[in-house]
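Right, one structure below, let's go through it.
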């Protein structure tokens, strides 16, 4: 069977399975989740053996150490995958939740009830735990899902799916509810993205290049974030020790991720006091610092010049741009101009100022006195996440169970007709 | 200024205004809504005079009587527009609503708070009350909006906007929050649809051709419904008198709208009893009836043959297709195959059967014992609507205040950093 027909057949089977999925009880779904969790741990030798094939290919291909490490499965990581599945089993089932009840003067009762989206397409790269995390969230939210992982993890993903499918045959979950596209051909993605009548949403999870590719070719709605250009603003009312710790954490704890800080904004009233030790400590951690003129007037050595492009750049590494601003308004304006609307934080002891920042910064997650690094399904208590959204429609921020649902109106009448 | 620059400038001004709109108090918005309502009534002579220009053009161009009537403004209709504005002032302000509060073990408090979408583009046809209804909903939900009405209503829309703008100068609402594209060139729409960085959503409201045009050219997310292929299913457990009244209402009360019935499904157990008088009464109202073989075996005269295409057709007029089905499952399968996922109704006295229909029919609005004609923002108690959505993402069914909002996470910390 050629790729075109094969993908169409998968999408049709997923659509059919989605109707069954929508009717499963919470208990039926939880039983399956816990059984998959146990099966992953029970089959860890097999998983590690298959994963080793991916690691070998990656090493031969000269992938970076960081990437090879992200690919790696070991007993600890497999246990973490299983724990995440069990945790998802423990989360509240969103399906069937009555979001609103409206009683009309004519006696109609209108209930707005949460339902699954239907069929979800997940297109992702590298880490194999994404496969089990996303499968768990889709299953719990009553969706069917089609997975297309990166070619670097093909053996690991196949192995996870083999275990998962073996479990499903013993549960109420239809086998076609969770499907993996095994082809590593990018053409497979393009075929999948055609079926807007069969899939309800696509979540691409990976680098900007992957997301732009998906957004360009998809006829299906795409939930996306292209970039994470996150800011920390140190107000003149900040606890400067706290500001130092938060800025350090937001930049260096894991610089390659979307919720890491890319630009530090500092009120000019505290810049002279705050910046010298902050910049020195960042540089000691191997971070290149780029500053605007005022920053470079304060720290005269070792700070490179920023250019306009810096404010728009997601470095995804140990580089930070720093700007001295004239108060809250300039900070908010800078963020609303250059932010990717992902996560931005203010450090301040002034509640009114904090509230204005929270109200006026137009981003998915706005923080007071905390690191931007918390924007994450697990850290928000959502179990895990299928992705992060910087869109404003449908879902914003970490996308987990609620983001995987839609709703329908159920209307109860006793013969009402329209006048 | 050429069209391209003009539209860009409008979009930029709307974006800037949207930040101010998001911060308005409920009182400030309600004051403006009530003032616009009063101003419409006060200026009704001017409105009727300008509207008359559109009516004359439409008559000269040989538009149908129905279309000319939809265009017409008179004191009663202007009062209804004003009433709708006042009613919107009375609705709960969605902005600022705390949808969820999450307290994390590390002390972070995460509040999911409703915020306006930002900038909304409304592209619509004919009826001038759409202009005031949509302006009211956008204003109340704290959005800026750009309007592009049909060329047939250009004088009426300009007149409404002139009154509206004169009121805004005396309120806290920024003047650029509500803008009308006066050009009747379709190129203007294409220019608007380019600005995905400045507009957050497009709502096209009109015929399928308009909606397809917008969906094809838009880089901005589009909330849409292409068709309304709505079903009524008469179960063997139906009160047949009620079924008759509901079917009649759903088909003939206003056949040219999206929530009118296009296909009647009847259980074979009651078909012989139900169909003869039903079909005769529909025909007496001037409705053409097309039936499947079983229908035509029961009513042997005056019923045309259905072809496959009938089940997929939105007649938007006095034509009905009728099918006899073998029970609930076949009815649900037919609807999930052919419905446009807009509005579908079951008539039954059996609660279990009703529940199965509500659960399994995959449509925005599913009814028990009521006419499909109630799918409408006003009938749902939403004041009015900017459109109806058959999408599953973001908003489903009538789109009003809640559908015009997104949310953000406001996260309150006291120095939390990620471990």
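Throughout, read-outs are computed from the coordinates displayed, never taken from laboratory work. Everything numeric in this text was worked out from a predicted model, so none of it was measured. Cβ placement follows ideal geometry from the backbone for every residue including glycine, while neighbour counts extend to all protein chains displayed.
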Q) Out of A:256, A:387, A:302, any idea which swings most in a Gaussian network model of chain A, alpha carbons joined below 10 Å? A) A:302
Q | Most fluctuating residue given options A:327, A:241, A:150, as computed from a GNM of chain A linking Cα atoms under 10 Å | A | A:241
Q | 5 Å-binned pair-distance histogram of the range A:230-374 (Cα, whole percent) | A | 2, 12, 23, 27, 23, 11, 3, 0
Q | Per-residue [θ]222 nm for the protein assembly as shown (sum of -39500 (n - 2.57) over DSSP H runs n ≥ 4, rounded to 500) | A | -13500 deg cm²/dmol
Q) Put a point 7 Å out from Cα along the line to Cβ at residue B:297; what are the distances to that point in the other copies, in nm, shortest first? A) 9.2
Q: First measure r as the distance between the Cβ atoms of residue B:162 and residue B:97, then evaluate 1/(1 + (r/R0)^6) with R0 = 35 Å and state the FRET efficiency to the nearest 0.05.
A: 0.55
Q: Mind listing the label-point distances from residue A:196 to the same position on all other copies, shortest first, one decimal in nm, points 7 Å along Cα→Cβ?
A: 1.2
**Q.** Net lengthening on full extension, residue A:106/residue A:182 (0.36 nm per residue, minus Cα-Cα)
**A.** 21.9 nm
**Q.** Kirkwood estimate for chain B, i.e. one over the average of 1/r between Cα atoms, Å
**A.** 23.3 Å
**Q.** Ascending count of other beta-carbon atoms within 10 Å, so fewest first, for B:410, A:194
**A.** A:194, B:410
(Q) What three numbers, in Å, describe the spread of the alpha carbons of the range A:177-224 along their principal axes, ordered from the longest? (A) 27, 23, 17
Q | Compactness index (Cα Rg / 2.2 N^0.38 Å), the range A:89-139 | A | 1.74
Q) Taking the axis about which chain B rotates onto chain A, which residue of B lies nearest it as judged by Cβ position, and how many whole Å separate them? A) B:394, 2
Q | Relative contact order (%) - the range B:230-374, alpha-carbon pairs under 8 angstrom, separation at least six | A | 34 percent
Q) Shortest first and in nm to one decimal, what separations exist between residue B:80 and its copies in the other chains, measuring from label points 7 Å along the Cα-to-beta-carbon line? A) 6.2
Q | Label-to-label distance, nm, for residues given as residue B:69 and residue B:288 (7 Å Cα→Cβ offset) | A | 2.1 nm
Q: Take the Cβ-Cβ distance between residue B:309 and residue A:190 as r, set R0 to 30 Å, and report the resulting FRET efficiency rounded to the nearest 0.05.
A: 0.50
Q.
If you average the C-alpha positions of the range A:26-50 and of the range A:374-419 separately, how far apart do those two centres end up, in angstrom?
A. 27 Å
Q) Sorted from fewest to most neighbouring beta carbons within 10 Å, what does the list A:115, A:154 look like? A) A:154, A:115
Q. Under a plain spin-label model, where a point goes 7 Å from the Cα along Cα-to-Cβ, how far apart in nm are residue B:42 and residue B:26?
A. 2.6 nm
Q. Tell me, Kirkwood radius of the protein assembly as shown from alpha-carbon pair distances, in Å?
A. 28.8 Å
(Q) Counting only other chains, and only Cβ atoms inside 10 Å, what mean value do you get across the residues of A:393-399? (A) 5
Q) What distance in nm separates the simple spin-label points at residue B:52 and residue A:175, each placed 7 Å from Cα in the Cβ direction? A) 7.5 nm
**Q.** Span from the the range B:265-337 Cα centroid across to the the range A:152-218 one, whole angstrom
**A.** 41 Å
Q | Listed residues B:49, B:227, B:76, most fluctuating in chain B (Gaussian network, C-alpha, under 10 Å) | A | B:76
Q) When the chain is fully extended, how far beyond the present Cα-Cα distance does residue A:277 get from residue A:257, taking 0.36 nm per residue of separation? A) 4.7 nm
Q. Extension gain residue B:3-residue B:316, at 0.36 nm per residue separation less the Cα-Cα distance, in nm?
A. 109.2 nm
